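All of the numbers you see were taken from the coordinates with simple rules; none came from a lab. Everything numeric in this text was worked out from a predicted model, so none of it was measured. For neighbour counting, all protein chains shown are included, and Cβ atoms are generated from backbone atoms with ideal geometry for every residue, glycine included.
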Amino acid sequence: MKETREHEEYSQHKWRDVAWKKALCDGAGSAIEYFLPDLAADMDLSREVTAITGLELHSSSTDSDRWMRVSDVFLSVPLQNEESGNVALFVEQQHEEEEDFALRVFETYCRLKEKTRKKTTGLVIYTGSARPVNNYFDSCYGFEVSVKYNVFHLPGRSLEELRKDKRPFARVVLAGRLSLDVGDDVKQREKYAWELLKTTTEADYDKRSRRVILVFSRGIFRLEDPKVSRELKEAYEMQTISLDEYVKRIALEEAEEKGIEKGMEKGMKKGIERGKLEVARTMLAEGLSPEIVVKCTGLGKSEILSL
């Protein structure tokens, strides 16, 4: 029972983890400029920030590991100084309290450093009720380990401050911050989604940045919810996919709807015909004449005689 309850609690926030991970991967350069300006100043802008894939870093069998943790992001950040090569960056998104979280951050750093053999740094983004912890400390008979890491506490950010910040990833952070206030209130989610759509499409952002913001907003405000208005969903679709793709998608949906309608109509006709034949068989079995059966069922005389 306990495991089921904990699984349900985790699943409630999984959509949040997925939205953050996608935004951090797709908008990596912009995210680094926002969260880690010192690192951004040393980046080689002529090269792309790339994801580090194929890393199995967690040995501890935590509940969140069993239920497919999706919050970790591992990035290779190119630096201007060729001798320095790249920095391996890991980002954790933390929503709920986790007893050994600081230890896990330390373990992640050690294993990532060991596997990549690069300069390594990390960032923890606190997006919910978890108490922000920015260090790990342990000691054993005179042997001490002390690690301090970068943290960003989303609930503590001012909405006014975030709305004034026009950097592309600040829009992502604003959407994340607003989502904490609305909970399951569909009307409020729609209100803030419209706000993000309007301010993003009016701003002078490049196509990639605009898409990252709107895809994140769509996920964090759960616009796939059937209760959300179709108008809002379509507005987001038009901004996040090409016009040609949007037209094709609408045409396909209309074709599917017509196909379903025709199928239902055809099925109903067949059902009615089968029903009439069953009634006719029953009437004939009761000894009624074919003429009376024709009059009552509307079937042709040849159909009645064939029964």
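Quick notes on this structure:
- Cross-linked pairs 21/113; 14/233; 14/148; 198/233; 115/207; 14/187: Cα-Cα separations exceed 25 Å for 14/148; 115/207.
- Between residue 153 and residue 237, the simple label model (points 7 Å from Cα in the Cβ direction) yields a spacing of 4.2 nm.
- Potential extension, residue 224-residue 306 segment - 0.36 nm per residue separation minus Cα distance: 24.2 nm
- Shape category assigned to region 162-204 from the gyration tensor of Cα positions, a/c cut at 1.5: oblate
- Where labels lie 7 Å past Cα in the beta-carbon direction, separation of residue 202 and residue 144 in nm: 5.4 nm
- Look at 76, 217, 229, 46 and count the other Cβ atoms within 10 Å of each Cβ; fewest to most, that gives 46, 229, 76, 217.
- Ranking of 172, 124, 18 by neighbouring Cβ atoms within 10 Å, starting from the fewest: 18, 124, 172.
- Taking 194, 15 and counting other C-beta atoms within 10 Å, the order from fewest to most: 15, 194
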